Amino acid sequence: MRDLVNNIGTVLAISPAVLAATVTGAALDLRGFNSAVLVVNTGAIVGAGAFTVKLQESDTTTSGDFTDVAAVDLHGTYPASLAADSVVKVGYRGFKRYVRAVITKNSGTSIAAGAVLVKGDAVARPVA
């Protein structure tokens, strides 16, 4: 049987919560991994909300250094607006050391959402 659990790393990108404002996740270090996928899961949306998600990248952890990842450095695309009770996954193929997730409130009241970064192609295995 193939083993996935010892070949990937996972890290919390945005804590699952009811979000009533734009949330920017922490800088996540990709050192030791050669690929990543941001997985966003949603629940209820209140007040006909429109929320979007994006991935940002940087060579440092300094907040002002992060820029939006160009579409050419993504595997897949983010939806124009997050849907209730859904899962979205988009891969990262850029070369920056750090990434972070951003869920933006464009309208409405709130969304239940969270995000996990799955890091793959580990340099050293098994991954702890």
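Quick notes on this structure:
- Heavy-atom accessible area with a 1.4 Å probe sorts SER86, SER63, largest first, into SER63, SER86.
- Amide H contacts of LEU74 (H built 1.01 Å from N, under 5 Å, at least 5 apart or other chain): ARG93
- Label sites at ALA21 and ASN7, each approximated as a point 7 angstrom past Cα along Cα to Cβ, lie 4.2 nm apart.
- Legend: calculated FRET efficiency, ASP73 to ASN34, from the Cβ-Cβ distance at R0 = 22 Å, rounded to 0.05, equals 0.95.
- The stretch 33-128, relative contact order [Cα under 8 Å, separation at least 6], %: 50
- Rounded to whole Hz, the Karplus (6.51, -1.76, 1.60) HN-Hα couplings of the stretch 16-30, x for glycine and proline: x, 6, 7, 9, 10, 8, 5, 10, 10, x, 6, 5, 10, 7, 9
- Largest to smallest in accessible area, the residues ARG100, ARG125 fall in the order ARG125, ARG100 (1.4 Å probe, all protein chains included).
- Each Lys or Arg adds one and each Asp or Glu subtracts one; over the other residues with Cβ under 13 Å from the Cβ of ILE111, this totals 0.
- The amide H of SER35, built 1.01 Å from its N in the peptide plane, has GLY120 as neighbours under 5 Å, considering only residues 5 or more places off or on other chains.
- Aspartates and glutamates with Cα under 18 Å of LYS89, excluding same-chain neighbours fewer than 8 positions away: GLU57, ASP68, ASP73, ASP121
- Pairwise FRET efficiency - ARG125 versus ALA50, Cβ, R0 = 41 Å, nearest 0.05: 0.50
The values are calculated or read from the model by the stated rules, or taken from the named source; none is laboratory data. Just so it is clear, the structure is predicted and the values come from calculations on it, not from any experiment. Methodologically, a virtual Cβ is constructed for each residue, glycine included, from the backbone with ideal geometry; neighbour enumeration extends over all protein chains shown. The area values use the complete protein model at the heavy-atom level, side chains included, leaving out ligands, DNA and RNA. Shrake-Rupley method; radii C 1.70, N 1.55, O 1.52, S 1.80 Å.
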